Amino acid sequence: MSAIAPVTVEVGLGERGYDILIGPGLLSGAGQEISRRLPGRRAAVVTDENVAAAQLGTLKAGLKTSGIQPAVITLPAGEKTKSFAHLEEVVDGVLAAKLERGDIVIALGGGVIGDLAGFAAGIVRRGMNFVQIPTSLLAQVDSSVGGKTGINSPRGKNLIGVFHQPKLVLADTGVLDTLPIREFRAGYAELAKYGLIDRPAFFAWLEANWQDVFAGGPARAEAIAEACRAKADVVARDEFETGDRALLNLGHTFGHALEAATHYDGARLVHGEGVAIGMALAHRFSARLNLASPDDAGRVEAHLRAVGLPWRMADIPGELPDAEALLSYIAQDKKVSRGALTFILTRGVGQAFIARDVPASEVLGFLAENHPG
Ligand SMILES: NC(=O)c1ccc[n+]([C@@H]2O[C@H](COP(=O)([O-])OP(=O)(O)OC[C@H]3O[C@@H](n4cnc5c(N)ncnc54)[C@H](O)[C@@H]3O)[C@@H](O)[C@H]2O)c1
């Protein structure tokens, strides 16, 4: 419900290509945008309890103006929802509503709902139309774009899933006003990540303008649009992650190990916070390997600290396992071939690269030096 026109970012994947619309007021215009692209279809909305309380009413009203009265499937909030049990619930809900293959599954929520609903859309009737309406910052800048969907296994995160691209992504920047600040900050880590990978001017812009991004308004929409452009570029180059797309994992090797080491306890560490610490560590580690200047590592740490994100292992509440144990979490997450690990390292801000031959002994020494215990 705003006069400001949304920004459109195209994901160039040929016949699987789609638009990401970014701006305020998109939830109430959702019916129009969806029926323009997928006319006359029925829909199911998958959401979680928090998002339903904050945003579902607006979406339903926005769909109603175009005659869409969706079936609604509301799940508990949180990472544990990315499970077989909840996948079954979504699949059953879609089938119970008698939706056909050409009908639409709409994900209204953060990355958890997007990943789960996308997976359901990918497998019900061998692949239904899918629309992402991401409501967390992390989902708007990362998980809603690129078609990776899935659930977790007790053996690890995101191990079960399919690539299934959405037909449309509606990133309503206004819905972020109801997102808890800690979740906003966690998503900000993924936003800053694009600057650190290969957009140094964007990182410098964030250093100068982050307060406006947090406050909302045009700076927030512009930052999200830039992140979506960055992600869309990578996805268009490498849809199935056989090469470059791995750069998006900057900070994730250390981050995933810290998430596993804290047993995915969101009270201690949420995903984006793990990525923040992981990015700071990746820069510090690159400096230790004489690949990058320590000044760049200091710059990254200073920015994360300024926005209120954790940036070192000592910022995680409670005790961490020792360096050896942390290395074993990293080794579990990665293929270790002859004692070497694959990492995303950097030559400086905006100069990340894939390093396939990092000696495990170097990682261990670095973890021991930086361990708070
Ligand atoms: N598919 C991909 O490419 C990809 C990329 C990155 C992350 N992910 C996945 O994304 C997930 C993390 O996503 P997330 O950080 O969005 O977590 P999330 O979906 O759990 O959302 C975070 C919290 O914020 C709440 N919330 C979301 N939007 C809200 C709003 N507008 N108002 C009020 N509350 C709101 C949710 O209910 C939840 O409690 C992880 O499972 C991760 O594996 C996937």
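The values are calculated or read from the model by the stated rules, or taken from the named source; none is laboratory data. Because the structure is a prediction, the values reported are computed rather than measured. Don't worry about glycine lacking a Cβ; one is built from the backbone with ideal geometry, like all the others, and counts go over all protein chains shown. All accessible areas refer to the heavy atoms of the entire protein, side chains included, with ligands and DNA or RNA removed. Shrake-Rupley method; radii C 1.70, N 1.55, O 1.52, S 1.80 Å.
May I ask which residue of Thr342, Pro76, Val275 lies farthest towards the positive end of the charge dipole of the chain, with charges of +1 (Lys, Arg) and -1 (Asp, Glu) on Cβ and the Cα centre as origin?
Going by the Cα projections, it comes out as Pro76.
Want the number for Thr8 to Arg36: 0.36 nm per residue separation, take away the alpha-carbon distance, what's left?
The span from Thr8 to Arg36 would gain 8.6 nm if fully extended.
In terms of modelled amide H atoms, which long-range or inter-chain residues lie less than 5 Å from the amide H of Gly251?
Amide H neighbours of Gly251, under 5 Å, 5+ apart: Ile344.
Once amide H atoms are placed 1.01 Å from N in the peptide plane, what residues at a sequence separation of 5 or more from Ile104, or on another chain, have their amide H within under 5 Å of its amide H?
The answer is Arg42, Ala43, Ala44.
Just the number please: accessible area per residue for the range 282-364, 1.4 Å probe, all protein chains included, in Å².
It amounts to 49 Å² per residue over the range 282-364.
What does the C-alpha gyration tensor say about the overall shape of the range 301-373? Classify as rounded when a/c is under 1.5, otherwise prolate if a/b is larger than b/c, or oblate.
Judged from the Cα gyration tensor, the range 301-373 comes out oblate (a/c at least 1.5, b/c at or above a/b).
I need the phi-derived Karplus couplings for the range 101-117: 6.51 cos²θ - 1.76 cosθ + 1.60, θ = phi - 60°, integer Hz, Gly and Pro marked x.
Each residue's phi maps through the Karplus curve to give 4, x, 7, 10, 9, 10, 8, 10, x, x, x, 5, 5, x, 5, 6, 5 Hz.
Write down Rg/Rh for the range 220-280, rounded to two decimals, with Rg from the C-alpha atoms and Rh from the Kirkwood relation over Cα pairs.
Here Rg/Rh amounts to 1.07.
With charges set only on the Cβ (+1 for Lys and Arg, -1 for Asp and Glu), what does the dipole of the range 172-323 come to about its Cα centre, in debye to the nearest 20?
With Lys and Arg at +1 and Asp and Glu at -1, about 240 debye.
Give me the percent of accessible area attributable to carbon and sulfur for the range 55-207, probe 1.4 angstrom.
53 percent
Note the angle between two axes, namely the Cα long axis of helix 218-237 and the longest principal axis of the Cα atoms of the chain, as a number of degrees from 0 to 90, rounded to the nearest 10.
80 degrees
Dipole magnitude of the chain about its Cα centre, charges +1 at Lys/Arg Cβ and -1 at Asp/Glu Cβ only, in debye to the nearest 20?
840 debye
Apply 1/(1 + (r/R0)^6) to the Cβ-Cβ distance of Glu319 and Asp238, taking R0 = 35 Å, and write down the FRET efficiency to the nearest 0.05.
0.35
Across the range 288-302, in residue order, what do the Karplus-derived ³J(HN,Hα) couplings come to in whole Hz, using 6.51 cos²θ - 1.76 cosθ + 1.60 with θ = phi - 60° and x for Gly and Pro?
In residue order, the calculated couplings are 4, 7, 6, 8, 9, 6, x, 4, 5, 4, x, 5, 5, 4, 5 Hz.
Dipole magnitude of the range 225-267 about its Cα centre, charges +1 at Lys/Arg Cβ and -1 at Asp/Glu Cβ only, in debye to the nearest 20?
Computed about the Cα centre, the dipole is about 80 debye.
Put +1 on the Cβ of every Lys and Arg and -1 on every Asp and Glu Cβ in the chain; which of Gln351, Ser328, Leu59 then has its Cα farthest towards the positive end of the dipole?
Final value for the positive-end residue is Leu59.
Extension gain Glu88-Thr65, at 0.36 nm per residue separation less the Cα-Cα distance, in nm?
Extending this stretch completely gives an extra 5.2 nm.
Work out, step by step, the length gained on full extension between Ala97 and Asp212: first 0.36 nm times the residue separation, then minus their alpha carbon distance; give nm to one decimal.
Gain on stretching Ala97 to Asp212: 37.1 nm.
If you filter the range 97-176 for trypsin sites (Lys or Arg not before Pro), then keep DSSP loop positions with at most 15 other Cβ within 10 Å, what is left?
In loop regions of the range 97-176 (DSSP not H, G, I, E or B), the sparsely surrounded trypsin sites (Lys or Arg not before Pro) are Lys98, Arg101, Arg155.
In whole Hz, with x marking every Gly and Pro, tabulate ³J(HN,Hα) for the range 239-244 from phi via Karplus 6.51 cos²θ - 1.76 cosθ + 1.60, θ = phi - 60°.
Residue by residue, the range 239-244 yields 4, 9, 6, 9, x, 3 Hz.
In degrees between 0 and 90, to the nearest 10, how far off the longest principal axis of the chain does helix 84-96 point, with axes built from Cα atoms?
Roughly 20 degrees between the two axes.
Which value, in Å² and to the nearest 10, is the accessible area of Glu241 when all protein chains are kept and the probe is 1.4 Å?
Surface open to solvent at Glu241 totals about 60 Å².
If I take the Cα coordinates of the chain and project them onto the principal axes, what are the three extents in Å, biggest first?
61, 42, 39
Which cross-chain or sequence-distant (5 or more) residues have an amide H under 5 Å from the amide H of Thr135, H modelled 1.01 Å from N in plane?
Gly109, Gly110
Placing +1 on the Cβ of each Lys and Arg and -1 on the Cβ of each Asp and Glu in the range 63-220, which of Ile113, Ile197, Ala186 has its Cα farthest towards the positive end of the resulting dipole?
Ile113
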